[in-house]
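Worksheet: one structure, shown below.
No lab work stands behind these numbers, since they all come straight from the coordinates. This structure is a prediction, so every number in the text was calculated from the model and none was measured. As a convention, Cβ positions derive from the backbone with ideal geometry for all residues, glycine included, and neighbour counts pool all protein chains shown.
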Amino acid sequence: MTFGCSSSRLESIPVTEVIMTCNALRAASLAVCLAASQPVASAPDAAQPIDTPSLLETIVLWLSANFDLPVPDRPPRIATLPEADLVIMRYGPEAKVPSGHVAAVYDDAEETIYLFQGWTGRTPAELSVLVHEVVHHLQSAANLRFACPAERERVAYRAQGEWLTLFDETLESAFNIDAAKILVSTVCTY
């Protein structure tokens, strides 16, 4: 089941109703994410604390509901590394990559998301990097196959972009990644 707002089935519905529905779905997704990540400030003495899903679990559920990705048996490990190490993991030791180009890498064999050193997850942009890499974990855990490594980036960038729209941001405003860069990054070039 997906909650996307670009389906051809929506063409027969008045535009204002589609916009209201899409905004409501975005607001509901955001509310679930924020509720799961915020502890209750104070409660009466009779209130019993409960375990709430972690932010990572919430992201997995959001991705599963919105992008038809299966929920894995176990979450990814998450660690931080200096950017130079991320560049080596992504492109190899001889790569000359400008600073700020690699924010994270997913290691399929280790089932680990490596985020840039200093990542805090305190901004929508930083959280969107985690969302992007969690997509790769879900793809790997489901043994999804792709024609080339670039092809698996399509859903990851789409999910990252949708996450950012929940906060009135875009890939372009947050990372200077426009449609042309996404196209080049997600096409197999044999």
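Side notes on the structure shown:
- Residues satisfying the stated conditions in region 126-173, i.e. charged (D, E, K, R) and within 12 Å of the chain's Cα centre (by Cα): GLU126, GLU133, GLU153, ARG154, ARG158, GLU162
- Options ALA156, ALA142: the member that is within 20 Å of TRP62 (Cβ to Cβ), in contact with a His (Cβ under 8 Å, 6 or more places away or on another chain) and of a type in the set (A, V, I, L, M): ALA156
- Members of region 93-116 that are in contact (Cβ under 8 Å) with a residue 12 or more places away in the chain and over 14 Å from VAL134 (Cβ atoms): SER99, GLY100, HIS101, VAL102, GLU110, PHE116
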